[in-house]
Amino acid sequence: VLLCTFLVPAAVGGLVALREIREQRVRGPQDIALIPRTRVLGVMPDISMDPTNPERIEHICVDRPAGVIAEAVRQLRTALLKEVQSRGHRVVLFVGGLPGAGVTSLISNLAANAAATDSRVLVIDANLRRPRMHTLFDKPDRPGLSDVLLGTVPFSDAVVQTSQPNLSLLAAGQREKQVFERFLTASMAQVLEEARNNFDLVFIDAPPAVVSSDAMAIAGHADATVLVV
């Protein structure tokens, strides 16, 4: 009896410890913080947790500024701005780990929130596979980034002002031609250099990491990358 009393809890504890060691899922911010060279900027609650009952999350900072999600965006904005300003960064790439991570919605809210602080903000839709930024800001999808990369339209002509002050958009542009390879060229570097010279903050929306290598190509030209999981 004494032996069983000792062995059973020890076996159970060993199995629990082994399962924790082998566990690879991300269950909270603490798991992300354990990854080397990774900084947790913030946590966004699910839309169902907001007591203001928002119908859409894409413009929740404008539609429900007193809600839980809007406050979470403000906290994330503060942490992000503090990080980039201390390092002199302007161009930030946002990429989701998986499809449906909410990158586009996060950028639209962060951009609107940052623009309200009198910062000149530019949103670049580099998700040429499933572009959505032009629909969120009610703007045409072309001319846009791909047209600038192909040299058919100047950067200044492709950037449009949104309905919100200090917030501009560079849409995805035409998608008939193969322009994905242009992300690795000097054309992309020139686009981002012009963006740096004309805006205080530049947010880039890229396809999920598991879908394509576009984000990795763009990351070489950006100042920092935010992973959304």
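The values are calculated or read from the model by the stated rules, or taken from the named source; none is laboratory data. Remember, it's a predicted structure, so these values are computed and weren't measured experimentally. Cβ atoms come from the backbone with ideal geometry, glycine included; neighbour counts cover every protein chain shown. Accessible surface areas use protein heavy atoms only, side chains included; no ligands, DNA or RNA. Shrake-Rupley method; radii C 1.70, N 1.55, O 1.52, S 1.80 Å.
Taken across the stretch 115-134, residues that are surrounded by fewer than 23 Cβ atoms within 10 Å (Cβ to Cβ), of a type in the set (S, T, N, Q), touching an Asp or Glu at 6+ places or on another chain (Cβ under 6 Å) and closer than 26 Å to Gln85 by Cα do occur, with at least one present.
May I ask you to verify whether Ala217 is within 18 Å of the chain's Cα centre (by Cα), on the phi < 0 side of the Ramachandran plot and crowded, with 20+ Cβ neighbours inside 10 Å? No, not satisfied.
With the requirement that a residue be out of contact with any Phe, Trp or Tyr (no Cβ under 9 Å at 6 or more places or on another chain), under 17 Å from Phe183 (Cβ atoms) and not hydrophobic (A, V, I, L, M, F, W, C), what does the stretch 121-145 give you? Result: Asp125, Asn127, Arg130, Pro131, Gly144.
Considering only residues that are touching a Leu at 6+ places or on another chain (Cβ under 6 Å) and polar (S, T, N, Q), which ones fall in the stretch 182-229? The answer is Ser187, Thr225.
Beta carbons closer than 7 Å, at least 6 apart along the sequence or on distinct chains, pair a first residue in the stretch 64-86 that is more than 15 Å from Val202 (Cα to Cα) with a second that is open to solvent by 20 Å² or more (accessible area, probe 1.4 Å) and hydroxyl-bearing (Ser, Thr, Tyr) for Arg64/Thr52; Ala66/Thr52; Gly67/Thr52. Criterion first (under 11 Å from Ala172 (Cβ atoms) and of a type in the set (A, V, I, L, M, F, W, C)) does Ala111 satisfy it? Considered against the rule, which asks whether it is under 11 Å from Ala172 (Cβ atoms) and of a type in the set (A, V, I, L, M, F, W, C), Ala111 comes out as no. Checked across the stretch 94-107, the condition of being free of Cβ contacts under 8 Å to residues at least 60 places away in the same chain and either crowded, with 20+ Cβ neighbours inside 10 Å or under 24 Å from Arg182 (Cβ atoms) (or both) holds for at least one residue. The number of residues in the stretch 195-214 being open to solvent by 40 Å² or more (accessible area, probe 1.4 Å) and among the hydrophobic types (A, V, I, L, M, F, W, C) comes to 3.
Counting only residues that are open to solvent by less than 80 Å² (accessible area, probe 1.4 Å) and aliphatic (A, V, I, L, M), which one in the stretch 46-59 is nearest to Thr117 (Cα to Cα)? So the residue we want is Ile57. If you check Leu149, Leu192, Leu167 for being surrounded by 13 or more Cβ atoms within 10 Å (Cβ to Cβ) and under 21 Å from Ser105 (Cα atoms), only one passes: Leu167. Of Val62, Val68, Val73, all but one fail to be under 14 Å from Asn113 (Cβ atoms) and more than 18 Å from the chain's Cα centre (by Cα); the exception is Val62.
What pairs come out if I take residues in the stretch 14-33 that are under 13 Å from Val229 (Cβ atoms) and pair them with residues that are at pLDDT below 75 and open to solvent by 80 Å² or more (accessible area, probe 1.4 Å) whose C-beta lies under 6 Å away, six or more apart or interchain? Matching pairs, first to second residue: none at all. The single condition from (1) in contact with a Gly (Cβ under 9 Å, 6 or more places away or on another chain); (2) within 29 Å of Ile69 (Cα to Cα); (3) not acidic (Asp, Glu) that Pro165 fails is (1). Residues in the stretch 1-45 that are of a type in the set (D, E, K, R), exposed (fewer than 10 other Cβ atoms within 10 Å of the Cβ) and in a helix (DSSP H, G or I): Arg19, Glu20, Arg22. Those strands (runs of 3 or more DSSP E) of the stretch 132-212 in which 1 or more residues are closer than 19 Å to Val103 by Cα and of a type outside the set (Lys, Arg) occupy 167-170, 201-205.
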